[in-house]
């Protein structure tokens, strides 16, 4: 199936529509444009393009409302939002409404191509799932038809008893042929009480020869004149119909058959004749073998498909699952799907399986489910109804593809957008401060004013240090590097950290106290990154004190001592009596981009500090009360875990 390259571009600014149309056409897209949300809905209803690229802020129907309306018309539509740097909240809102992606102005061609590739990948994934479902349904239908045909052969024994009375009525007219049975695809013969063949049908004569007058057992391999060895003889003995498997001789070959016999009684109720019908099961056995082979292939395909597959009945109870499903969710058979996926006791809202039972069509959804290990998995669900020979829907097959990595990529792109915006504001403030310092330097040189030159140089150094700190945080956030660890003397290390931090307090009215236990030994750390983490926490304590205008003086206390509960660990505490934090701030303290410093902070420092501590196998805990200050407790093991050293587990 060829790729659908249609795209609808929606923006109220003519210049943007023109520029983007040119870029999109260069990428090979068939572009239609709309100047408003109202016009876009008309064009979407008329043409239903697979991708829509729309601005968020527009008069009338804005981008968010347009997104909701498009998704209500076609949940599979891929909608990419265009936003400005100041519209990050709207961009996040659009992702919550199932937007495919968002890109910021000014729009770069490479960013646009990445967003469009993601949209086309999602479209291709849905198309492959639909094609697979359709092929699987056709294969099940074909094999079901063959199975029905084979089972009809076994239904002969249900009809034989009913034929006996009719045969008796015809017995008086027998002349060696059972012409009324010539159309049956089996061997039919009529036998007398002295175990002689009285009449046969045409197929019997063609395949086994004219055995009229022969012994009733003569057609069977290994049978003798003993009535107990002959199906007809045993029927005369016990006067009841029989069903058994036998082997018939045919020109030196042996044919496996299923033999049905039925007694034919006269008007006095005495058994006078026996009719014998033998069905050649060679073809049936071949069909059974073929069916088993197809079932094995189907099972192999069912198990090897790289997605979760389950078959559910009308009560949403799972009747069959594939290997991938069993690995992540357990056996599942006999359990309710909503209990397996979400631990619920009642069905989920907007269940696609229930929708397929209701209208007989395939449905798709995105959902978050829980594996048996408690891991949350984002899945794209596709359902297909399964019907019986009468066309009734008896089960629904549900296929779910794990798209967790796609969601993580989307979240990372969202974080990256927020990071860029936050860093832009932070760098702008630092550059402004740097310009101020340079200005003071230049004025000091011009006036030969040493005091002004020193003030300007101090400002320049401060801004350079802040820029350096931000760049290091960004690099650590962007890629977790291997630790360059070594055996370090703890007392020397914390003393070095204190000496590095002490000058930063500068002219602030803050007292800096240290309390280091002399019994501290050595531990394994990457001294550069741990030093950066501790100084970041100390700077946070300093900022909390500076922000507190209620107290005349403040104190920051930095302590280190062996862990009383674990001989193999070191505990650091950093305590301040600054502004403190409420519970909401504490819960979000180590969240990416969270900052209580407004324009002065990037929200990266404490996030990266926690990441460093965790990478060393340590922990960090915080206690705080508004107006009372905060205490950070950092625990680091004396010996790095093997995973942090890069050793095989």
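I'd like to check something: does the stretch 249-256 contain any residue that is at pLDDT 80 or above, over 30 Å from residue 395 (Cβ atoms) and in contact with a helix residue (DSSP H, G or I) (Cβ under 9 Å, 6 or more places away or on another chain)? Yes, the stretch 249-256 contains a residue that is at pLDDT 80 or above, over 30 Å from residue 395 (Cβ atoms) and in contact with a helix residue (DSSP H, G or I) (Cβ under 9 Å, 6 or more places away or on another chain). For the subset of the stretch 517-533 comprising residues that are assigned to a loop (DSSP other than H, G, I, E, B) and in contact with a strand residue (DSSP E or B) (Cβ under 7 Å, 6 or more places away or on another chain), which member is surrounded by the most Cβ atoms within 10 Å (Cβ to Cβ)? So the residue we want is 520. When the stretch 45-62 is filtered for residues that are closer than 23 Å to residue 15 by Cβ and touching a strand residue (DSSP E or B) at 6+ places or on another chain (Cβ under 7 Å), the ones remaining, listed by number, are 49, 51, 52, 53, 54, 55, 56. Residues in the stretch 317-335 that are crowded, with 17+ Cβ neighbours inside 10 Å and touching a helix residue (DSSP H, G or I) at 6+ places or on another chain (Cβ under 7 Å): 318, 322, 329, 332. The C-beta contact set for the stretch 450-463 (first residue not assigned by TED's automatic domain parsing to the domain that holds residue 503, second residue at pLDDT 85 or above and surrounded by fewer than 16 Cβ atoms within 10 Å (Cβ to Cβ), distance under 6 angstrom, 6+ apart or interchain) comprises 452/443. Restricting 480, 451, 513 to residues that are loosely packed, with under 13 Cβ neighbours inside 10 Å, modelled with pLDDT of 80 or more and not in a helix (DSSP H, G or I) narrows the list to 513. Residues of the stretch 549-573 that are in contact (Cβ under 8 Å) with a residue 60 or more places away in the chain, under 20 Å from residue 631 (Cα atoms) and surrounded by fewer than 18 Cβ atoms within 10 Å (Cβ to Cβ): 550, 563, 573.
Only one of the numbered conditions (1) in contact with a strand residue (DSSP E or B) (Cβ under 8 Å, 6 or more places away or on another chain); (2) not in a loop (DSSP other than H, G, I, E, B) is violated by residue 38, and that is (1).
To keep it simple, each residue is scored yes or no on (1) in a helix (DSSP H, G or I); (2) in the same structural domain as residue 379 (by TED's automatic domain parsing); (3) touching a strand residue (DSSP E or B) at 6+ places or on another chain (Cβ under 9 Å); (4) loosely packed, with under 13 Cβ neighbours inside 10 Å.
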| position | (1), (2), (3), (4) |
| --- | --- |
| 259 | no, no, yes, no |
| 273 | no, no, yes, no |
| 276 | no, no, yes, no |
| 292 | yes, no, no, yes |
| 296 | yes, no, no, yes |
| 315 | no, yes, yes, yes |
| 339 | yes, yes, no, no |
| 345 | no, yes, yes, yes |
| 350 | no, yes, yes, yes |
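Test residue 324 against the stated conditions and say whether it is outside the structural domain of residue 392 (by TED's automatic domain parsing), assigned to a helix (DSSP H, G or I) and at pLDDT below 90. Judged against the criteria, residue 324 is not a match. Residues that are at pLDDT below 85, crowded, with 19+ Cβ neighbours inside 10 Å and touching a helix residue (DSSP H, G or I) at 6+ places or on another chain (Cβ under 7 Å) number at least 1 in the following helices (runs of 4 or more DSSP H) confined to the stretch 51-168: 88-96. Within the set 563, 567, the sole residue that is under 19 Å from residue 617 (Cβ atoms) and either touching a helix residue (DSSP H, G or I) at 6+ places or on another chain (Cβ under 7 Å) or modelled with pLDDT under 85 (or both) turns out to be 567. The stretch 359-404 holds no strands (runs of 3 or more DSSP E) entirely within its bounds that carry 2 or more residues that are at positive phi and crowded, with 21+ Cβ neighbours inside 10 Å. Take residue 383 and tell me if it is touching a strand residue (DSSP E or B) at 6+ places or on another chain (Cβ under 8 Å) and over 24 Å from residue 124 (Cβ atoms). So residue 383 fails the test. Taken over the stretch 570-611, the criterion of being at pLDDT below 70 and either within 27 Å of residue 552 (Cα to Cα) or not assigned by TED's automatic domain parsing to the domain that holds residue 626 (or both) is satisfied by 595, 596, 597, 598, 599, 600, 601. Take the residues in the stretch 214-241 that are farther than 17 Å from residue 197 by Cβ and either in contact (Cβ under 8 Å) with a residue 12 or more places away in the chain or not assigned by TED's automatic domain parsing to the domain that holds residue 198 (or both); name whichever of them is surrounded by the fewest Cβ atoms within 10 Å (Cβ to Cβ). Step by step, filter the stretch 214-241, then rank; the result is 222.
From the list 346, 350, 280, 289, the one residue that fits, being under 20 Å from the mean Cα position of the chain (by Cα), modelled with pLDDT under 90 and more than 17 Å from residue 372 (Cα to Cα), is 350.
The values are calculated or read from the model by the stated rules, or taken from the named source; none is laboratory data. Being a predicted model, the structure only gives us computed values, none of them experimental. All Cβ positions, glycine included, derive from the backbone under ideal geometry; neighbour counts span all protein chains shown.
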